[in-house]
1. For the stretch 202-235, give me the residue count where each residue is among the polar types (S, T, N, Q) and not in a loop (DSSP other than H, G, I, E, B).
2. Pick from the stretch 47-82 the residues that are more than 15 Å from Met34 (Cβ to Cβ) and of a type in the set (Ser, Thr, Tyr): which of them is nearest to the chain's Cα centre (by Cα)?
3. Across the stretch 278-300, what is the total count of residues that are in a strand (DSSP E or B) and without any contact (Cβ under 8 Å) to a residue 60 or more places away in the chain?
4. Can you name every residue in the stretch 253-269 that is under 25 Å from Leu161 (Cα atoms) and out of contact with any Cys (no Cβ under 9 Å at 6 or more places or on another chain)?
5. I'm told Arg303 meets every condition in (1) farther than 27 Å from Gly84 by Cβ; (2) part of a loop (DSSP other than H, G, I, E, B) except one. Can you identify the failing condition by its number?
6. Of everything in the stretch 151-202, what is under 15 Å from Phe113 (Cα atoms), crowded, with 21+ Cβ neighbours inside 10 Å and either small (Gly, Ala, Ser) or touching a Cys at 6+ places or on another chain (Cβ under 6 Å) (or both)? Give them in sequence order.
7. Could you tell me which residue of the stretch 215-242 is surrounded by the fewest Cβ atoms within 10 Å (Cβ to Cβ), considering only residues that are charged (D, E, K, R) and in contact with a Gly (Cβ under 8 Å, 6 or more places away or on another chain)?
8. What residue, of Gly245, Gly268, Gly253, is closer than 24 Å to Leu204 by Cβ and either among the acidic types (Asp, Glu) or loosely packed, with under 14 Cβ neighbours inside 10 Å (or both)?
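Derivation of every value follows stated rules applied to the coordinates shown; laboratory data play no part. Treat the numbers as computed from the prediction; the structure is a model and nothing was measured. Cβ sites come from the backbone with ideal geometry, for glycine too, and all protein chains shown count toward neighbours.
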Amino acid sequence: MKQLLFTLALLCASLGAFAGGPSSHGDSVLPHRMLLVASEGLYVVERDGSCSWSYLPQAAAGQSWLYHLIYDGAMFDNGNVLYGTSAYVREIDRSGNTLWEYAVTLPHEVKSFVVRPDDGRVAVLNSGEQAILELERGTGRVLRRIPLPAEGNEHTRYNYLRLTTAGSYLAALRAEQRFVEVDRDGKPVASFSVPGLPAMAKRLKDGSTYCTGRFGVKRFDPQGKEVWSLTPHDVEDSFPLLLPGGVVPLEDGRLLLVNSDWHYKKRGENRVPLFIVGEDKRVEWTLDVSTFEPWKRSETDPRSRLKEHRCMVVQVLPEK
């Protein structure tokens, strides 16, 4: 195991500072408790808009900032968190101790992962090997290699990896502007082409598939026919739709979506980082970006000089 390379920021600044949450937000800023995964760190956000736990990796001297750039994350029932960066997938406990990791050498990337519920294996995308690797949780040992050739380079081959209820994999192929479904032998099952940067695909119980990306959101039926979409035009009266990434299907056909602001163009466009939309395309809830101000460490883009919050995915957590 590599030596610990980063520090822990617990409870955002301190438990006392945020025990009651921002006073202007009341008791229900968010519809659910959430794990918020952003490029710089992981945050447990309470329903009152406060942050009750955070973890921010810190690069060692001379280490590339890409090494700790976070793309994916998930919290287990015991409070441990598994997260994926450009260079590694790592599990930590609530005190920030590294329990195990699987790492690659940049410019190869791993970025995204899924945990198989049947056997507990952690599957990752390895851009260098152009394969899905199933790892033994706890050791990082490679147990299975599933070929997934893709166009592009190490950074532009893949985005998110997700699992279907049938046990197959959904992967976003960035350079090819499409999503693919493959079985555990790497055999193609389905392909969904999209008109822009693909981010994440999520399979529903009825066999339909949501796909997100720079184009918005699309839903395909089990036969691969597009049956629904959400475009920037559909929500322009509420806020600018920038880059829908992480998607969480809710009840009644509603979607909880991350509106990522990577490389946005105009000041104020990123005022809504999270939102809920219904099947009728009506925006039912938005999170104002001001919620982040007391506790989130965001980044300033060196070219645009605009503050980017770089939210990636969210996970709905049980109520306390």
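1. 3
2. Tyr71
3. The qualifying residues number 4.
4. Listed by number, the residues that qualify are Gly253, Arg254, Leu255, Leu256, Leu257, Trp262, His263, Tyr264.
5. (1)
6. Passing the criteria: Ala171, Ala172, Ala199, Ala201.
7. Among residues in the stretch 215-242 that are charged (D, E, K, R) and in contact with a Gly (Cβ under 8 Å, 6 or more places away or on another chain), the one surrounded by the fewest Cβ atoms within 10 Å (Cβ to Cβ) is Asp221.
8. Gly253
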